[in-house]
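Worksheet: the structure to be examined is printed underneath.
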Amino acid sequence: ADLNAYESAMWFSSSYLITTASISPIIGRLAMIFSPGVVLLLSSFFFSIGAIVASQANSFAVFVLGRVLIGVGGGGIMTLALIMVIALTDKRRRGLFIGLSNAVRPQNFEPHFVLEFANSHLSGVHNRVVDWRRRLRCSP
């Protein structure tokens, strides 16, 4: 309501999802060139800066820019989490740990109905109590 962008509301989530999907291969390559810890730190930096930009946005374009930065950071964090699970587990138990990490990730698209149901309903209640700017400052 603050940004008066009802006709462009699809870009609120699409800017994050498109950026997350497109940055993942780049992050994987950067983790091979540099240390995964350095790339994780850089991804966390982009995520934090994006959250600050999006929460302070006064226009739709600035909000989408913040969501793109959050997507760069989020894509890096998700990709590096998978890389670290692969690096730290043996082949026999790797599937178990990847499954566990996917079960608790809120952006997954697998049918974990209980987690998705609880996440969506708790987010809806949270959005009615706390405004969207404060929510982005805490956890986008």
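Just so you know, all these numbers are worked out from the coordinates, no wet-lab data involved. Model, not experiment: these values are computed from the prediction. Ideal geometry is used to build each Cβ from the backbone, glycine not excepted, and the neighbour counts take in all protein chains shown.
Among the chymotrypsin sites (Phe, Trp or Tyr not before Pro) in segment 6-62, those placed in a DSSP loop whose Cβ has at most 14 other Cβ atoms within 10 Å are PHE34. In a DSSP loop and with at most 12 other Cβ atoms within 10 Å, the trypsin sites (Lys or Arg not before Pro) in segment 1-101 are LYS91, ARG92, ARG93.
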